[in-house]
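Reading through the structure tokens given below for one structure.
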Amino acid sequence: MRLWVGLGNPEPGMARQRHNIGFMAIDAIAHRHGFSPWRQRFRGLVAEGAIAGEKVLALKPLTYMNASGESVQAAGAFYKIEPGDITAFHDELDLAFGRVRVKRAGGAAGHNGLRSMDRHLGSPDYWRVRLGIGHPGDKERVLGHVLGDFAKVEQDGLRVLLDAVADNAALLAAGRADEFMNKVAEKRV
């Protein structure tokens, strides 16, 4: 079993913020692949499904970004899922809007959701699907950018990105991260 985690914040008013692109991605995947309805468990919302013959537990922690690891650790421990079978979908400032990179392990790069996962899992050895939200260009504007909603001019690109991630999730489930990135890149606006 694999655990795919969308990182975000649970407040309804935050649903369209750049910081919640992880929730948006996991929602798109669960919808596209006919996962079970969402239900509360492990201090989050979970849905189950199968992609490319792999059983996948989708998780959206309701603990807020800074404590995401609590929910991830609880789900992983219950199902005995090793960090190498966990994938976090999250926003990435250091990638241009719409770009996607997948990597295993690494540092948190200032991302509090990843920092929390590292702390609670005891290892950074999980997969990360880094979803580019772009950098505002000035360090002083980062917080407002991350916690701001996607602009109207970004909506079409966001929809295309989320569709491409969901459409190509089977490649990710099959361990073909490079092909996944290439297919998603082909769909960019």
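The values are calculated or read from the model by the stated rules, or taken from the named source; none is laboratory data. The shown structure was predicted, so the numbers you read here are calculated from the model rather than taken from an experiment. Counting neighbours? That spans all protein chains shown, and the Cβs are built from the backbone with ideal geometry, glycine included.
Ala50 passes every criterion in (1) part of a strand (DSSP E or B); (2) closer than 27 Å to Asp138 by Cα; (3) among the aliphatic types (A, V, I, L, M) apart from (2).
Per the listing Asp118, Asp125, the residue uniquely closer than 23 Å to Trp4 by Cα, in a helix (DSSP H, G or I) and among the charged types (D, E, K, R) is Asp118. Within region 2-39, the set of residues being surrounded by 14 or more Cβ atoms within 10 Å (Cβ to Cβ) and part of a loop (DSSP other than H, G, I, E, B) comprises Leu7, Gly8, Asn9, Pro10, Ala15, Arg16, His33, Phe35, Trp38. Within region 40-52, take every residue that is without any contact (Cβ under 8 Å) to a residue 24 or more places away in the chain and out of contact with any Phe, Trp or Tyr (no Cβ under 7 Å at 6 or more places or on another chain) and give me the one that is surrounded by the most Cβ atoms within 10 Å (Cβ to Cβ). Taking the candidates together, the pick is Ala50. In region 62-70 there is at least one residue matching the filter, namely being under 12 Å from the mean Cα position of the chain (by Cα), buried (at least 20 other Cβ atoms within 10 Å of the Cβ), in a helix (DSSP H, G or I) and at pLDDT 95 or above.
Screening region 114-138 for residues that are aliphatic (A, V, I, L, M) and farther than 23 Å from Gly98 by Cα and picking the one that is surrounded by the fewest Cβ atoms within 10 Å (Cβ to Cβ) gives Leu121.
Residue-level analysis places Ala108 outside the set of residues that are part of a helix (DSSP H, G or I), over 13 Å from the mean Cα position of the chain (by Cα) and either surrounded by fewer than 17 Cβ atoms within 10 Å (Cβ to Cβ) or small (Gly, Ala, Ser) (or both). Look at region 77-90: where a residue is without any contact (Cβ under 8 Å) to a residue 60 or more places away in the chain and surrounded by 19 or more Cβ atoms within 10 Å (Cβ to Cβ) and a partner is assigned to a helix (DSSP H, G or I) and of a type outside the set (Phe, Trp, Tyr), sitting 6+ places away or on another chain with Cβ atoms under 7 Å, you get Pro83/Leu121.
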